[in-house]
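Read the structure below first, then the notes.
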């Protein structure tokens with residue numbers, strides 16, 4: 001075997017194999033995240049990780065190799081959900097145009113939170129907020145919000161002087177309302193979102209309230225206890 005043969009065949013073979021391993025690992029991770037999202041949505045975060053592995057079609061060793069603890073898995077799903085929202089927001093920004101961007105995006109994010117309520121409930125805990133992936137996603141989310149604010153202020157949709165963090169706090173408030181008033185139906189959330197629109201809108205815009213005011217009877221028992 002010549003030197004030329006040795007230096008060409010070896011690296012190529014290793015590279016092909018490593019590409020295959022990386023592809024398999026990426027597929028397994030994606031399958032686990034998808035399965036975890038479905039199971040957590042159906043059964044809450046108390047669902048068994050072994051059930052998630054079965055639905056993903058992988059063994060428990062593969063699950064624990066990717067996510068050493070259940071907390072790691074939940075954080076990964078939360079970060080993935082946030083990045084999905086960020087990607088949708090960036091697509092809206094890139095499309096630009098003369099349409100209002102900020103409030104429709106906020107309403108969409110809150111609707112997604114309702115689907116994955118149990119996941120987003122835990123994001124507020126310190127161990128989740130201190131996670132690097134979640135923190136990075138929060139930063140990207142605020143950047144998207146800032147871009148939408150700039151766009152909408154220029155077109156007269158949004159009041160000047162607000163920032164992405166202002167909007168993020170409103171989103172978190174709306175998500176808390178969706179949890180507290182979940183048993184009262186979607187009308188309660190729609191009413192709260194109409195308050196959010198009024199808070200964001202430029203002076204002079206007509207922002208009528210929707211629905212009727214919630215009552216104490218609409219609160220979840222756990223929220224009022």
Quick check on the stretch 52-66. Is at least one of its residues part of a loop (DSSP other than H, G, I, E, B), modelled with pLDDT under 90 and not assigned by TED's automatic domain parsing to the domain that holds residue 150? no
Filtering the stretch 97-109 down to residues that are over 17 Å from residue 141 (Cα atoms) and touching a residue at least 12 places away in the same chain (Cβ under 8 Å) yields 98, 100
Residue check, residue 74 crowded, with 20+ Cβ neighbours inside 10 Å, part of a helix (DSSP H, G or I) and modelled with pLDDT under 90: yes
Take the residues in the stretch 26-42 that are more than 17 Å from residue 68 (Cβ to Cβ) and more than 18 Å from the chain's Cα centre (by Cα), then tell me which one is modelled with the highest pLDDT. 27
Of all residues making up the stretch 148-172, the number that are more than 21 Å from residue 113 (Cβ to Cβ), in contact (Cβ under 8 Å) with a residue 12 or more places away in the chain and assigned to a helix (DSSP H, G or I): 3
When every residue in the stretch 116-134 that is modelled with pLDDT of 70 or more, touching a helix residue (DSSP H, G or I) at 6+ places or on another chain (Cβ under 7 Å) and part of a helix (DSSP H, G or I) is compared, the one surrounded by the fewest Cβ atoms within 10 Å (Cβ to Cβ) is 133
Quick check, is residue 194 surrounded by fewer than 20 Cβ atoms within 10 Å (Cβ to Cβ) and in a helix (DSSP H, G or I)? yes
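The values are calculated or read from the model by the stated rules, or taken from the named source; none is laboratory data. All of these numbers come straight from a predicted model, not from anything done at the bench. All Cβ positions, glycine included, derive from the backbone under ideal geometry; neighbour counts span all protein chains shown.
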